[in-house]
1. If you take just the strands (runs of 3 or more DSSP E) that sit entirely in the stretch D:1-91, which of them hold at least 2 residues that are away from ligand 2 (no atom under 16 Å from the Cβ) and buried (at least 21 other Cβ atoms within 10 Å of the Cβ)?
2. Name every residue in the stretch A:321-341 that is surrounded by fewer than 21 Cβ atoms within 10 Å (Cβ to Cβ) and aliphatic (A, V, I, L, M), in order of residue number.
3. Suppose we filter D:Ile131, D:Ile127 for residues that are assigned to a strand (DSSP E or B), aliphatic (A, V, I, L, M), within 26 Å of D:Ala188 (Cα to Cα) and in contact with a His (Cβ under 8 Å, 6 or more places away or on another chain); which single one remains?
4. Quick check, is A:Leu179 within 14 Å of chain B (Cβ to nearest Cβ) and more than 16 Å from ligand 4 (Cβ to nearest atom)?
5. Right, D:Pro169: within 16 Å of D:Gln146 (Cα to Cα) and touching a residue at least 60 places away in the same chain (Cβ under 8 Å) or not?
6. Give the residue that is nearest to ligand 1 (Cβ to nearest atom), with candidates limited to residues of the stretch D:5-31 that are at pLDDT 75 or above and of a type in the set (Asp, Glu).
7. Checking the conditions here, which among C:Asn161, C:Asn174 is in contact with a Ser or Thr (Cβ under 6 Å, 6 or more places away or on another chain) and either under 21 Å from C:Val144 (Cα atoms) or surrounded by 19 or more Cβ atoms within 10 Å (Cβ to Cβ) (or both)?
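The values are calculated or read from the model by the stated rules, or taken from the named source; none is laboratory data. Note that this is a predicted model, so its numbers are computed, not measured. In this analysis, Cβ positions are derived from the backbone assuming ideal geometry, glycine residues included, and neighbour counts consider all displayed protein chains.
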Number of protein chains: 4
Amino acid sequence: MAKKNSSETEDRKDDHIRIIQEKDVETSGTGFEDVRLVHEALPEFHHDDIDLSVDFLGDELAAPIVIESMTGGHPNTTKLNRALAAAAEETGIAMGVGSQRAGLELDDEDLLESYTVVRDAAPNAYIYGNIGAAQLREYDLGTVEQAVEMIDADALAVHLNFLQEAVQPEGDVNADGCLAAIEQVSSALSVPVIAKETGNGIAQDTAKSLTEAGVDAIDVAGKGGTTWSGIEAYRAAAVNASRQERVGTLFRSWGVPTAASTIECVREHDCVIASGGVRTGLDIAKAIALGARAGGLAKPFLKPATRGSDAVVERIEDLVAELQTAMFVTGSQDVAALQNAEYALLGDTREYVAQRCD
Amino acid sequence: MAKKNSSETEDRKDDHIRIIQEKDVETSGTGFEDVRLVHEALPEFHHDDIDLSVDFLGDELAAPIVIESMTGGHPNTTKLNRALAAAAEETGIAMGVGSQRAGLELDDEDLLESYTVVRDAAPNAYIYGNIGAAQLREYDLGTVEQAVEMIDADALAVHLNFLQEAVQPEGDVNADGCLAAIEQVSSALSVPVIAKETGNGIAQDTAKSLTEAGVDAIDVAGKGGTTWSGIEAYRAAAVNASRQERVGTLFRSWGVPTAASTIECVREHDCVIASGGVRTGLDIAKAIALGARAGGLAKPFLKPATRGSDAVVERIEDLVAELQTAMFVTGSQDVAALQNAEYALLGDTREYVAQRCD
Amino acid sequence: MAKKNSSETEDRKDDHIRIIQEKDVETSGTGFEDVRLVHEALPEFHHDDIDLSVDFLGDELAAPIVIESMTGGHPNTTKLNRALAAAAEETGIAMGVGSQRAGLELDDEDLLESYTVVRDAAPNAYIYGNIGAAQLREYDLGTVEQAVEMIDADALAVHLNFLQEAVQPEGDVNADGCLAAIEQVSSALSVPVIAKETGNGIAQDTAKSLTEAGVDAIDVAGKGGTTWSGIEAYRAAAVNASRQERVGTLFRSWGVPTAASTIECVREHDCVIASGGVRTGLDIAKAIALGARAGGLAKPFLKPATRGSDAVVERIEDLVAELQTAMFVTGSQDVAALQNAEYALLGDTREYVAQRCD
Amino acid sequence: MAKKNSSETEDRKDDHIRIIQEKDVETSGTGFEDVRLVHEALPEFHHDDIDLSVDFLGDELAAPIVIESMTGGHPNTTKLNRALAAAAEETGIAMGVGSQRAGLELDDEDLLESYTVVRDAAPNAYIYGNIGAAQLREYDLGTVEQAVEMIDADALAVHLNFLQEAVQPEGDVNADGCLAAIEQVSSALSVPVIAKETGNGIAQDTAKSLTEAGVDAIDVAGKGGTTWSGIEAYRAAAVNASRQERVGTLFRSWGVPTAASTIECVREHDCVIASGGVRTGLDIAKAIALGARAGGLAKPFLKPATRGSDAVVERIEDLVAELQTAMFVTGSQDVAALQNAEYALLGDTREYVAQRCD
Ligand SMILES: Cc1cc2nc3c(=O)[nH]c(=O)nc-3n(C[C@H](O)[C@H](O)[C@H](O)COP(=O)(O)O)c2cc1C
Ligand SMILES: Cc1cc2nc3c(=O)[nH]c(=O)nc-3n(C[C@H](O)[C@H](O)[C@H](O)COP(=O)(O)O)c2cc1C
Ligand SMILES: Cc1cc2nc3c(=O)[nH]c(=O)nc-3n(C[C@H](O)[C@H](O)[C@H](O)COP(=O)(O)O)c2cc1C
Ligand SMILES: Cc1cc2nc3c(=O)[nH]c(=O)nc-3n(C[C@H](O)[C@H](O)[C@H](O)COP(=O)(O)O)c2cc1C
């Protein structure tokens, strides 16, 4: 594949990160507020004996936490990725890089470093690559393997972000053939494939298609956290693209709420990452009780990453402490027990799930 | 039928339009807020290949959107109707004119032009006439055909607005024999007949009666948008008719919410227009997922119409873009697919529908 | 029965009326807000042909509206009762007088006139007397007949107000034997007996007991309107009776909401008056759709009564206009049809009724 | 057991009481707001004949009210415990002392008096001791009997407070073997054993384990009142322990709401005390209608206790008056009748219970 010098992809990444830091780009309504884990007054084990480790695509994570795909693709992001990766290394959790499109399509050493820094800073951590489904349709297997090699990835995430593409003036809105492309790469790639949304969730039927296509994990990235439709609305506003702004705003809160999406996906796949508005270790615990393997967070790591690796580690350890507490008071000594923890579903999520999953 | 010179009907039209532009005449609670379309992360088609066209009473519309019956009947409205009609022509959607009573009963060339301008400006668009059910009882078939001829109508809407009539001091509150009149005109008229409410919705039993009476389409015009009871309350207040004002205000939010009414009507008729508080292409998408053939809007087109045809076209294209996005992210390549799109019903609408339709 | 000169009962009446006029003595939550009558777009009759008349304990009312038991027992209230009675006479609706205890127990001509004025002002209206259940236990049949004779009553209401009695420092809290007393008077009295609450509603079991005891009608007087517990809390506060104030305040919103109570009572008795927070003709329509025979209002008539009979008539005509409109748009030409009108129950009332009546 | 001089436990008690008096340490959401007792308009007994007495672990209480375990363990608390005990003695209700750990482990006469004062002030009242489950694991039976003897206790409460321990920097988070320890002490101790939470409630499975372990009563101490997680968050904030503060705050409202916990526990045990956010006699009545034997309050007695025994008696008499009123208007002449009183469950509690208890 011939490398280009164009920097549209690069600049977009920069725009995005700036908007995410400056504007209100979070929705609410993950549905976790409707999940009530049941208190266990008698945990019957020592808090220090809680085991957070979890099998993840053949490997083991020290805790069921994922730093979701975010950055890379602009020299400015090298620092961020270094901090995130070093923290993943130190704490033993997984980390995804942002879309590698820029790295694959542009010929720029500095830009490439924004990806490669990750493996340098995290020689042992579980690191996975990232390619958009729309791009996947156009790449041959060799190009996809380049993405893996670029960061010596343990897995590759293929992101589904068609709402965002539809709101972008320059968006790639050809979704035709994506599933076939995912099926092909799932069977041929040297590493496991994770299918992921980016904030609108994955419904049960889609999870079924993805499972049949052979993906190794599904990351729900549901409604309730970072809203890409909202982010693109801000970008559109900045360039007076009022129709895009209007559409982006209208669909700001579109999608399957993360809790509901988790419930839908675990009916089809046994390795589900719950993300989209996950903000605490208690959210992670709820997601796991709903059947997820791990919880993922993107935006909450962004600000710590600008401050460096220690700040990211701090944030991860907060999550770990919160998750441990949740495990303690639900009487769940390990993640498998937490997956069987009792809960009640209330409100909209109960109504939604009752209609979707009966 | 002998033409009169009286201008009571004419002035009322003028009053109405002024009040609608100046006062709060919208209610909330269409029920669309309770309809959650399910996100499709993998649409599997190209956004540009979305087909919005829809069969409509033998014809085809470029998009499932209707400019609801509004104006005509006063020379002031000629400009508005010209703008609306030209936009319908340009975009290929349907348009209704306002009540033709004034046109049929009064002898005034300028006034008549407020209707005829529509066909002049829209030689090819789907245009339909409008007569009140209370008037229909009194007209012979020849008079009704005059309404059709007046604008070379493709269909005729018969409006049911008895709450409004009951609130008007001068209202025509004789509803006796309306159904028979509708049945007669449905079987004898040269064009299809659409039965429509004007903001209070149509329940399943009424839809059944109308279907059995042979109407070709039902426009629900449900609760949640423009409130005629509210409008008449303002008119009553202006003339110190305090009892009418009181009643009008009390019934401001009366009726079957548009989403519920759509669900009720599609059980009885296969050509249902959802209107009443439809404000975005996403509302139209929801209505279609509930089984409607098309979505209709009245008030949202009023202000653009005062600015001219281009502004109306802009508004229609906004709706189209919103609807296309909804179709894309529900994986619905055409309107038929959208009618089969999955959704969940929450809140009051779920409770209401459960009790009404089981 | 020997007449006393003590005026404690008399002063209490005066206190009450003053507090009701000056303080916030209304609760919310009648449940009518959860009752959604179904719109009928095609009423198929002339609005002027609506028949509001209703059979009521052998007689006929011009409209299904009752002026609930309120005043009498203090010379100050003569004027109020005259206005109310004259309005009942003019409009053909029913009216109850306030508790006749003072009239029976005290020897005071002026005071007596506060009751007798009612029949003077309303020679033909349906007028009913009022005695507390706690008093009934102590009176012999002759005394009860005196109450009937005092106003030439068409019926006698026996009120159940034990929450109020419990909050009053001087309250009569002996409820033992009330049912037997009601049974006795129901079988022996010369006129029909109405059992009524005063703001806390009547549940199905109680309605069953009352029906078996032979009462001719039940007036639910449910939660959601005037709160006697709240009124007594104000009286207690005025005399620094802080425990009573506390209890009165705690039970301010106690009771079966009027809509729910109506549903419960009509399962046991076919002549049910719905009262307690009924404020509009639409509330009356809802109550009747739930199965009531008529709707009753107390507090809303108090202020008009201070202004005279015309003001009360105005208020009644407002209610009539509102009720007629509700009947028109539910397609109910008479009260019997309205009793069969369709509705949906939402929210708390749906949940409550589902648990109480299945 | 060797007595220590360390005063960490002592100081903690002091911290707690100060924070409880100064900060917002109450959550909401006991679920009592969702419990609607059904009004009985015809109680059919004399209010003065209401019998509040209840069997309680072999003894009889004058009213089904418990002063929950609070203080002792610091000389400052002697005054408080004296006031509480004297009031329990005067009113014939039960009272628990706070954790006796300090009394068992430290060698300090003044401190010891803070416990022993209770029996001195209340020679006849039902008084029970208190030991943490985490401590119980480490004590031999002799030590536990010392706790009983210390106050000549009628029963011993074993508290389960692992969420609090998990939030405390110095917390004892070894829950391993607690159930066995409870089982042992339940079978061997000279007095009945009460298992109690401290604000997060007890779920049905835990209640089952405790019942099988032989405890004589369960005190639910559910979510909705004093929040120990919140209290520890304040303590953590004061010493800049930000992670603990964060976790404490996150779990501020954790647990099974008191009403739901009561419903869950009475399915397993027939002697259940409902506590946690019980604030009025109406709450107590609701708890009893849900199946509880008695209601318990802690925090509401704290401020009166600082003012002396009379103030506590006043507060108890308020509760009694409120409870009597509730019994009167539900037609419950004694506590057994109240346990059979009818109610409806609404809202979240209904949803929660439906999923937990079907
Ligand atoms: C700054 C930022 C950049 C992102 N970039 C990518 C990306 O390049 N590829 C991708 O698959 N998802 C990307 N995401 C989406 C996240 O991976 C994730 O699915 C979602 O944001 C999780 O929600 P949260 O931010 O609410 O925790 C990005 C998110 C953020 C906040
Ligand atoms: C200005 C205005 C005039 C209207 N005039 C008529 C009319 O003459 N005949 C009729 O059937 N409906 C009339 N309607 C009602 C609409 O056709 C329609 O049923 C309803 O208003 C749709 O709701 P929306 O305004 O909330 O979109 C009018 C509505 C408006 C806003
Ligand atoms: C001023 C006033 C006085 C009342 N006096 C009596 C009374 O003497 N006897 C009685 O049975 N009910 C009495 N009631 C209660 C009403 O009859 C009725 O049951 C209840 O208040 C109806 O509710 P509403 O006031 O919300 O319409 C009185 C109510 C009011 C407002
Ligand atoms: C000041 C205070 C001290 C407490 N100390 C103890 C204690 O030592 N042991 C115990 O089992 N519970 C203790 N508790 C918890 C109560 O016994 C009880 O379970 C809970 O607080 C009841 O909730 P309420 O305060 O919302 O009424 C204490 C509560 C308070 C308010």
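1. Those strands (runs of 3 or more DSSP E) span D:35-37, D:54-56, D:65-67.
2. A:Ala321, A:Ala336, A:Ala337, A:Ala341 - these are the residues of the stretch A:321-341 that are surrounded by fewer than 21 Cβ atoms within 10 Å (Cβ to Cβ) and aliphatic (A, V, I, L, M).
3. Within the list D:Ile131, D:Ile127, the selection yields D:Ile131.
4. It is true that A:Leu179 is within 14 Å of chain B (Cβ to nearest Cβ) and more than 16 Å from ligand 4 (Cβ to nearest atom).
5. no
6. Within the stretch D:5-31, the match that is nearest to ligand 1 (Cβ to nearest atom) is D:Asp24.
7. Every option except C:Asn161 fails the conditions.
Listed here are the residues, each with its yes/no results for (1) closer than 25 Å to B:Ser261 by Cα; (2) touching a residue at least 24 places away in the same chain (Cβ under 8 Å); (3) of a type in the set (A, V, I, L, M).
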position: B:Glu22; (1), (2), (3): no, no, no
position: B:Ser28; (1), (2), (3): yes, yes, no
position: B:Asn81; (1), (2), (3): no, yes, no
position: B:Ile93; (1), (2), (3): yes, yes, yes
position: B:Val97; (1), (2), (3): yes, yes, yes
position: B:Asp107; (1), (2), (3): no, yes, no
